[in-house]
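Participant: First the structure, which I've put down as structure tokens, then a few questions once you've had a look.
The values are calculated or read from the model by the stated rules, or taken from the named source; none is laboratory data. This is a predicted model, so every value here is computed, not measured. FYI the Cβ positions are ideal-geometry reconstructions off the backbone, even for glycines, and counts take in every protein chain you see. Accessible surface areas use protein heavy atoms only, side chains included; no ligands, DNA or RNA. Shrake-Rupley method; radii C 1.70, N 1.55, O 1.52, S 1.80 Å.
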Amino acid sequence: MAAAGGAVGLGNIWRFPTETAENGGAAFLFVYVICCFLIGLPVMVAELSLGRATQRNAVGAFNALSKNPIYQAVGFWGVICGSMILSFYVVIAGWSFSNVFVEIFDYVGMTGPATTLVDTSNGVVNILFAALFMVATIFIVRGGVSEGIERATKTMMPLLLVMLLVLIGLTLPMEGAADGVKAYLQPDFSQIDRELILYALGQSFFSLSLGLGALITYGSYLSKSDNVVQSAAIVTLSDVSIAFIAGLLIIPAIYVAQAQGIQVFDDAGSLIAGPALIFNILPVVFDNIGGIFGLGLAVTFFLLLSVAALTSTISLLEVSVSYVIDEFNVARNTATWLMGGVIGTIAIWVSFDLGMIDILDTVFSAYGLPIGGLLISLFVGWVWKTPAAMEELKHGFPSFENSFFQKVWPLFIRFICPILIFLILLDLVTG
Ligand code: PFF
């Protein structure tokens with residue numbers, strides 16, 4: 001459940017719809033879903049089994065299985081990617097939380113504070129909310145990944161789902177929404193190009209929390225009676241479903257905003273709002289609903305989004321913290337403040353220079369995570385070797401021997417996943 005909570009986050013509700021809107025709607029969705037199940041799911045099983053077998057962190061897991069120190073670099077790359085992703089993730093998480101106050105101030109007519117908070121280019125406000133998020137994350141990670149997160153996830157996820165469905169029901173009848181549904185669900189396959197595939201792959205890794213060892217770390221907290229394959233399938237299915245449903249709200253909402261005269265795309269078809277897109281679009285929907293009901297929905301939605309973001313920032317920070325604890329013998333408290341402090345300092349920079357979000361996101365999510373996934377697949381498939389990995393997978397999965405999964409997974413992790421990732425990355429590099 002903690003892994004599912006870590007997977008469901010801004011990746012589903014902020015990043016997925018933004019990427020979809022920028023990369024050709026339904027065609028992107030189509031490639032994205034294929035990436036999640038064909039590449040993401042087998043890599044997730046690899047990460048979780050690596051973690052559970054070694055009982056170590058993202059770097060230590062490689063150390064435990066091979067004497068060759070070069071493989072540690074795979075884990076170390078994950079720690080870097082996780083830390084850099086967290087440094088901009090907290091800023092966007094801050095926007096979801098600040099929107100709770102924007103909606104309230106707007107409702108009671110305090111337009112001054114509302115205007116200040118809604119301005120995503122205000123570095124000071126960005127820092128304030130990002131810091132709030134970082135400190136909350138530090139306090140939870142300091143206590144260790146525990147039932148608290150599972151409990152939060154168990155209540156938050158169903159609530160988020162209900163909330164999304166209610167909002168979809170209210171948004172779809174609005175003017176312009178039908179065009180959004182068409183853009184989201186009617187694929188134009190001619191739009192599939194190298195860039196679309198690369199970004200869909202990056203999005204699948206980001207959303208499923210793959211490629212940086214977050215699930216190696218969480219795998220190390222699983223017990224031998226847990227079924228790793230089943231857990232991975234549940235995490236993938238729930239994550240993809242929530243992203244799909246979020247798209248059904250946000251993409252039509254973009255067209256509703258457009259019908260009301262807000263310019264969303266520039267002449268070249270790029271998003272004008274950039275990473276702040278959903279925070280410009282959703283308030284239009286809540287405004288259209290109006291009244292105390294609209295306010296209630298808005299506040300609940302942004303609060304739930306903040307909790308979803310928090311379960312993800314926790315899993316991001318946990319990667320570097322568990323690395324520092326295990327490998328340098330540092331106490332959890334010190335390690336958490338240290339890594340939280342370093343990453344928080346980078347977040348200050350991001351808060352003032354929002355252009356960094358796109359750069360960090362492209363380097364460490366779109367390229368960084370698939371590179372991590374490629375290396376993890378190669379390690380599990382060829383260094384640890386699939387027979388050993390499958391011995392691990394048998395624990396908690398009694399019918400493993402006769403399963404379809406047992407027949408195809410080695411093929412995927414040794415050949416299909418690494419070759420596909422390599423080809424996708426190479427295409428863009430040479431293109
Ligand atoms: N999967 C999270 C999301 O969709 O928001 C983001 C994330 C969390 C990525 C943890 C990577 C990670 F290790």
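Participant: How much length is gained if the chain between PHE404 and ILE34 is pulled fully straight, taking 0.36 nm per residue apart and subtracting their Cα-Cα distance, in nm to one decimal? Can you show the working numbers first?
Facilitator: Numbers: separation 370, 0.36 × 370 = 133.20 nm, distance 1.87 nm.
Once the chain is fully extended between PHE404 and ILE34, it gains 131.3 nm.
Participant: Now for a different question. Quick one: putting +1 on the C-beta of Lys and Arg, -1 on the C-beta of Asp and Glu, what dipole do you get for the chain around its Cα centre, in Debye to the nearest 20? Kindly include the intermediate steps, with their values, before the conclusion.
Facilitator: Working: 15 positive and 28 negative charges, 287 e Å.
With only Lys, Arg, Asp and Glu charged at Cβ, the dipole is about 1380 debye.
Participant: Picking from ILE242, GLN203, ALA178, whose Cα lies most toward the positive end of the charge dipole for the stretch 143-266 (charges on Cβ: Lys, Arg +1; Asp, Glu -1)?
Facilitator: ILE242
Participant: So for the chain, if I pair up every lysine 8 or more residues apart or on another chain, how many of those pairs have alpha-carbons under 19 Å apart? Let's see the in-between values first.
Facilitator: Numbers: LYS67/LYS385; LYS224/LYS394; LYS385/LYS394; LYS385/LYS407; LYS394/LYS407.
Taking the chain as the scope, the lysine pair count is 5.
Participant: Still on this structure: Computed on alpha carbon atoms, what radius of gyration and Dmax characterise the stretch 191-247, expressed in Å?
Facilitator: Rg then Dmax for the stretch 191-247, in Å: 13.9, 45.
Participant: Considering only C-alpha atoms, what is the centroid distance from the stretch 169-204 to the stretch 305-363, in Å?
Facilitator: 31 Å
Participant: Another question, if that's okay. What is the set of long-range amide H partners of PHE265 at a cut-off below 5 Å, with H atoms built 1.01 Å from backbone N?
Facilitator: Answer set, sorted by chain and number: ILE272.
Participant: What FRET efficiency, computed as 1/(1 + (r/R0)^6) with R0 = 35 Å and r the Cβ-Cβ distance, is obtained for ASP179 and THR334, rounded to the nearest 0.05?
Facilitator: Computed FRET efficiency for ASP179 and THR334: 0.05.
Participant: If you count only protein heavy atoms with a 1.4 Å probe, what accessible area per residue comes out for the stretch 140-244, rounded to a whole Å²? It would help to have the intermediate numbers written out before the result.
Facilitator: Working: 4580 Å² over 105 residues.
Accessible area per residue, the stretch 140-244: 44 Å².
Participant: Next question, about the same structure. If one puts a single equal scatterer on every Cα of the chain and applies the Debye formula without solvent, what log₁₀ I(q)/I(0) results at q = 0.07, 0.08 Å⁻¹?
Facilitator: -0.32, -0.42
Participant: How large is the charge dipole for the stretch 207-349, taken about the Cα centre, if only the Cβ atoms of Lys, Arg (+1) and Asp, Glu (-1) carry charge, to the nearest 20 debye? Kindly include the intermediate steps, with their values, before the conclusion.
Facilitator: Values: 2 positive and 8 negative charges, 50 e Å.
Rounded to the nearest 20 debye, it is 240 debye.
Participant: Let me ask something else about it. Work out, step by step, the length gained on full extension between ARG194 and THR345: first 0.36 nm times the residue separation, then minus their alpha carbon distance; give nm to one decimal.
Facilitator: Values: separation 151, 0.36 × 151 = 54.36 nm, distance 3.48 nm.
Between ARG194 and THR345, full extension yields an extra 50.9 nm.
Participant: Let me ask something else. On the accessible surface of the chain, probed at 1.4 Å, how many percent belong to carbon and sulfur atoms?
Facilitator: Roughly 66 percent of what the probe reaches on the chain is carbon or sulfur.
Participant: To the nearest 20 debye, what is the magnitude of the charge dipole of the stretch 57-185 about its Cα centre, counting +1 on the Cβ of each Lys and Arg and -1 on the Cβ of each Asp and Glu? Don't skip to the answer; put the middle values down first.
Facilitator: Values: 5 positive and 7 negative charges, 122 e Å.
Using only the charged Cβ atoms, the result is roughly 580 debye.
Participant: So, one more: Residue by residue through the stretch 101-108, what is 3J(HN,Hα) from phi via Karplus (6.51 cos²θ - 1.76 cosθ + 1.60, θ = phi - 60°)? Round to whole Hz and write x for glycine and proline.
Facilitator: Going residue by residue, I get 6, 4, 4, 5, 4, 4, 5, 8 Hz, with x marking Gly and Pro.
Participant: Sticking with this one: What Kirkwood Rh does the stretch 79-199 have if only Cα atoms enter the pairwise 1/r average? Answer in Å.
Facilitator: On the way: mean 1/r = 0.0549 Å⁻¹.
Roughly 18.2 Å, rounded to one decimal.
Participant: Per DSSP helix of 4 or more residues, -39500 (n - 2.57); summed, then divided by the residues of the chain. What does that give at 222 nm, rounded to the nearest 500? Please list the in-between numbers first.
Facilitator: Numbers: 21 runs with 313 residues, N = 431.
Helix contribution divided over all residues of the chain: -23500 deg cm²/dmol.
Participant: Percent of alpha carbon pairs in the stretch 13-102 separated by more than 18 Å?
Facilitator: On the way: 2611 of 4005 pairs.
Across the stretch 13-102, Cα pairs with separations above 18 Å total 65 percent.
Participant: Just order 311-320, 225-234 by mean Cβ neighbour count inside 10 Å, highest at the front, would you?
Facilitator: On the way: 311-320: 26.7, 225-234: 17.8.
The peptides rank, most packed first, as 311-320, 225-234.
Participant: In square nanometres and to one decimal, what's the mean projected area of the convex hull around the Cα atoms of the stretch 140-286? Don't skip to the end; give the middle numbers.
Facilitator: Working: hull surface 45.5 nm².
Directional mean of the projected Cα hull area for the stretch 140-286 stands at 11.4 nm².
Participant: Now, a different point. Measuring with a 1.4 Å probe in the full set of protein chains, what accessible area per residue, in whole Å², belongs to the stretch 321-431? Mind showing how you got there, number by number?
Facilitator: Values: 5330 Å² over 111 residues.
With all protein chains present, the stretch 321-431 gives 48 Å² per residue.
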